[in-house]
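Only one structure is covered here, and it is reproduced in the block below.
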Amino acid sequence: MKFLRRDSEELDSRALPEMLLETLKMLDGDSMILAPGEIPLFLTPGIEALGVLRDGKIQSPELLATIRVVRRTHAQQVGKIDIPRGPIGEGKHEFTIKVLPLTKDELVLVLVSDESEAQRVHDVRRDFVANISHELKTPIGALSLLSEAVLGAKDDPESVTKFATRMQSEAKRLTDLVQEIINLSRVQDSDPLQLAQEVGVEYLVREAMDQCQILADNRNISITYAETTSASVLGDRDQLIMAVHNLIENAINYSPEGTKVSITTQTTNGIIDISVTDQGIGIPDTEKERIFERFYRVDPARSRQTGGTGLGLSIVKHVASKHGGEVTLWSVENVGSTFSLRLPVFETQIESAQ
Ligand code: ADP
């Protein structure tokens, strides 16, 4: 909790009532009190943590405009604002704001709550449930048919083995799908920047590589990551590993046997690119946007063969945008693809590098 005192006598004399500040501290949402010139006299920690205020400056033009209206009309205003989660990508925080005049022409109180974020999560979840039911029907239907087939063939051990083996693979598919659904809904619901930890980029690349090694060995694909980097990013460690893991897993699954997958990291202007390059089948230009949608596959038959759920890339996209970053793609059919997870480098790293 911060109470910013100003040097100027004028502002010092305008002490804020203790009871008001105590009340604001107890509210669920965040708040700030602004003097003329939008000088913050009081703010709760979330105001800076969520990026509403940076270096003492309000980041949202909509919020500034609303404050101006309140100063002019002396009437309270309610609205919605978006704040970018990082310097790149489309990730945004969405908030509902209420701006109230505190005294006739001087101070303004801003209340910030994430109701609109809650509404967005609700909408996403509703669409998601509709998709999920459709996707679950396929393996469940297959299991049901196969179990009937097993019953019908009970005197024929060879057929029973054949059907039971297919049941096993459908059950595995179902398990993978449920796991991916859980992963995606966790990523969608959480805010990794609120309880963020510092994660070393080299560590997360190596963890993700280790997790994919058996799959790579089975397909005789070599994964290389020759670099070292001391850069780190801020966020949820497990989510970040999962995102890199998904990129490596796809690079292996959509490449011919015996090819190479290489991972590189490069920092430019405070952004680190974690790039996964394959020598695989590539992605047609017309599909490049759509592959990041939930359950979208270029070739559903192939994806089914590799056990793909169609959720891997949408998880990567969500993890990137929730961390204030983005995922970019370069790909040429029958040549290969490079997916880059681009994330803001943890600030102390930038400072110490300067
Ligand atoms: P899936 O579980 O089907 O792999 P993803 O969301 O991870 O789902 O990927 C969506 C689709 O994008 C895949 O089905 C595939 O058609 C395409 N794709 C993803 N990564 C690659 C890649 N490295 N090379 C070629 N195609 C890819």
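Please work out, to two decimal places, the log10 of the ratio I(q)/I(0) at q = 0.15, 0.16, 0.21 Å⁻¹ from a Debye calculation in which every Cα of the stretch 2-113 carries one identical scatterer. Taking Cα atoms of the stretch 2-113 as identical point scatterers yields -0.62, -0.71, -1.22.
The long axis of helix 61-73 is offset from the longest Cα principal axis of the chain by roughly 30 degrees. Tilt of helix 157-189 relative to the longest C-alpha principal axis of the chain, in degrees (0 to 90, nearest 10)? Here the helix axis deviates by roughly 10 degrees. Fully extending the segment from Arg72 to Glu227 would add 50.1 nm, taking 0.36 nm per residue of separation and subtracting the current Cα-Cα distance. The share of Cα pairs per 10 Å bin across the chain, counted from zero up to the longest distance, runs 5, 20, 24, 20, 14, 9, 5, 2, 0, 0 percent. With contacts taken as Cα pairs under 8 Å and at least 6 residues apart, the chain reaches a relative contact order of 14 percent. Its Kirkwood hydrodynamic radius, worked out from the mean inverse distance over all distinct Cα pairs, puts the stretch 192-354 at 16.0 Å.
Calculate what fraction, in whole %, of the accessible area of the chain sits on carbon and sulfur atoms when a 1.4 Å probe is rolled over the protein chains.
The value for the chain is 52 percent carbon and sulfur by accessible area.
Measuring nothing but how far apart in sequence close Cα pairs (under 8 Å, 6+ apart) lie, relative to its length, the stretch 115-189 scores a relative contact order of 36 percent. In the chain, helices alone account for a calculated mean residue ellipticity at 222 nm of -15000 deg cm²/dmol, with every DSSP H run of four or more residues adding -39,500 (n - 2.57). Over the chain, with a Gaussian network built from C-alpha contacts below 10 Å, which listed residue (Asn131, Asn253, Asn269) shows the highest mean-square fluctuation? It is Asn269. Among Ile274, Ile132, Ile97, the largest mean-square fluctuation in a Gaussian network model of the chain (Cα springs under 10 Å) belongs to Ile132.
Amide H to amide H, with H built 1.01 Å from N, Leu311 comes under 5 Å of Phe295, counting only residues 5 or more places away or on other chains.
Its convex hull of Cα atoms gives the stretch 115-189 a direction-averaged projected area, equal to a quarter of the hull surface, of 5.1 nm².
In degrees from 0 to 90, rounded to the nearest 10, what is the angle of the helix 312-322 Cα long axis to the longest principal axis of the chain? Taking the Cα atoms of the chain, the angle to 312-322 is about 10 degrees. Using heavy atoms of the protein chains and a probe of 1.4 Å, the accessible area assigned to Glu287 is about 40 Å².
Around the amide H of Asp114, modelled in the peptide plane, lie the amide H atoms of Thr96, all under 5 Å away and 5 or more residues distant in sequence or on another chain. At full extension, Lys137 and Ala149 could sit 2.5 nm farther apart than now, given 0.36 nm per residue minus the alpha carbon distance. In angstrom, the C-alpha Rg and Dmax of the stretch 172-283 are 14.9, 43. Bridgeable lysines around Lys137 (alpha carbons under 24 Å apart, same-chain partners fewer than 8 residues away excluded): Lys162, Lys172. Roughly how far apart, in whole Å, are the Cα centres of the stretch 277-354 and the stretch 188-254? Spelled out, the Cα-based centre of one part sits 12 Å from the other.
The label-point distance for Thr268 and Glu62, in a model that sets each label 7 Å from Cα toward Cβ, rounds to 3.2 nm. Within the straight-line cut-off of under 17 Å between alpha carbons, the lysines reachable from Lys92 are Lys80, Lys317, Lys322, sequence neighbours fewer than 8 places apart in one chain being disregarded.
Values of log10 I(q)/I(0) for the stretch 153-194 across q = 0.13, 0.14, 0.25 Å⁻¹ run -0.48, -0.51, -0.80, by the Debye formula with one identical scatterer at each alpha carbon and no solvent.
For Tyr203, the accessible surface of its heavy atoms amounts to roughly 100 Å² (probe 1.4 Å, protein chains only, rounded to the nearest 10).
Were the residues from Asp55 through Phe295 laid out at 0.36 nm apart, the gain over their Cα-Cα distance would be 82.3 nm.
The values are calculated or read from the model by the stated rules, or taken from the named source; none is laboratory data. The structure displayed is predicted, hence computed values, not measured ones. Note: ideal-geometry Cβ built from the backbone for every residue, glycine included; neighbour counts use all protein chains shown. Ligands, DNA and RNA are stripped out before the accessible areas are found, and what is left, the full protein with its side chains, is counted by its heavy atoms. Shrake-Rupley method; radii C 1.70, N 1.55, O 1.52, S 1.80 Å.
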